[in-house]
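S.K.: What follows is a single structure, and I will ask about it in a moment.
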C-alpha cells in the first residue's frame, strides 16, 4: 500500500527579466489576493489556522520589483522548521510554454536540489502560446516533445542531489500523442513520472492514463498527478495510489476559487458564489471548518483581499478533508464508493471503475509481463 499526499500549490514564484537573461531569482508575488509581504496564514507556518504536511512550489515569471531573492537561498528557513514537510517543486512548464519564456533548466534544477524533496523536469506542454489552449499543431507538439526530452536528458546528466526524487513529465491530450510522448520520455532514466492529463476535470481520462502506467510496469516508481483535486478526479488518484509506492497530487484551484469569491460546499465538493448562500434576512453558518469557525460569514461577503484569502483557505480545507476521507477508505471498497455516492460524484464512480476494469483486463496479477496496445487499454470501457 503506497503513500499518498495532497500538495497544495503555493505562492512562491521565479522571475526572469528581459535585461537579466543570465540570471534567475526566486521570490514572491501578490496573486489571487496572496502575498508573503502583507499577509501570512500559510498552512505550513506555526500560526496557521490549520495544519498540513505537504506543499508544491509553482514557479512563475514575475516583475523584478516583486522579488525577495532571499527565498531562493533556502526555502525551508521560511517554513515551519519543526514540521517534517514534504516539499515538491514544479518547473513552471505551463508558464514557460504559455508565455514563451526562455528559462535555463540548470537554474531550475539547482533551486529544486537545494529546496525540494521531489522535483520535475522543465517540460514544454503542447499548447498554443497565444491563448494557452491545447489546440496544438503536429509541428508544435513535436517541438515541445523535443524540448522536454532535451531538458530531461540535461537533468539526468547534471543532477547532483540524488536524495531528491526527480520526475519525468508525461503530456498529451489524445491517445496517440500520449503514447508518442511516453515512448520518447521513457528513454530518459529518471526516478518516476508526473502526469498531466486534459481536460483536468475528466476522471475517466485520468483513470486510463494511470492504469496504463500500472500495466506498463511503472507502478514501482513514484507518481505525481497535476491538478488532481477535482471531485471526480481526486478519487481516481487516491484509489490508484494503492498500486504505486508513493503518489502526490497538487492543485492551485482553491486560490482561483477564492479570487472569484466561490465557496466550496463541504457536503458535495461543489462551489457556489458566496453571495448565493445567504439573503438579507439570513446569514448562515454553512461550515464549521477551522476557517469558518473563526471568521464571521460577513467577512466572506466583503470585496477585499482578506476576504478572498479566507475563502481560499476554506476551500483548501475542504480539499484536505475530502482527501483525508478518501485516503481512509481506499482499502474498503464499499465505504469508498458510498462516500462518492454521498457527494453525488457519479463520474468519479465511473472513473474508478474504469481504472479497475483496465487493470483487470490487463491481468497484471498473473505475474507475467505482457505487452498491451494503447487501443486495448483505452477500449476497456
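Only the coordinates and a few stated rules stand behind these numbers; no lab work does. This is a predicted model, so every value here is computed, not measured. Neighbour counts are summed over all protein chains in view; Cβ atoms, including those assigned to glycine, are modelled from backbone coordinates with ideal geometry.
S.K.: Let a ≥ b ≥ c be the square roots of the eigenvalues of the Cα gyration tensor of region 263-326; is it rounded (a/c under 1.5), or, if not, prolate (a/b larger than b/c) or oblate? Provide the component values of the computation, followed by the final result.
M.R.: Numbers: a/c = 1.91, a/b = 1.50, b/c = 1.28.
It comes out prolate by the Cα gyration axes.
S.K.: Starting from the Cα gyration tensor of region 216-334, take the square roots of the eigenvalues, sort them a ≥ b ≥ c, and report rounded, prolate or oblate (rounded when a/c is under 1.5, otherwise prolate if a/b is larger than b/c, else oblate).
M.R.: Judged from the Cα gyration tensor, region 216-334 comes out prolate (a/c at least 1.5, a/b above b/c).
S.K.: For residue 162, put the label point 7 Å out on the Cα→Cβ axis and report which residues of region 197-234 keep their amide N under 12 Å from it.
M.R.: Under 12 Å, as judged by backbone N against the label point of residue 162, lies no residue of region 197-234.
S.K.: If each residue's Cβ is checked for other Cβ atoms within 10 Å, how do 139, 218, 313 rank with the fewest at the top?
M.R.: By the 10 Å Cβ count, ascending: 139, 218, 313.
S.K.: In what sequence, highest mean first, do 347-354, 165-172, 1-8, 181-188 appear when ranked by Cβ atoms within 10 angstrom? Don't skip to the answer; put the middle values down first.
M.R.: Values: 347-354: 20.8, 165-172: 23.9, 1-8: 19.1, 181-188: 16.6.
Top to bottom by mean Cβ count within 10 Å: 165-172, 347-354, 1-8, 181-188.
S.K.: Now for a separate question. Which of rounded, prolate or oblate describes region 325-364 when judged by the alpha-carbon gyration tensor and an a/c cut-off of 1.5?
M.R.: Oblate shape, in that a/c is at least 1.5 and b/c is the bigger or equal ratio.
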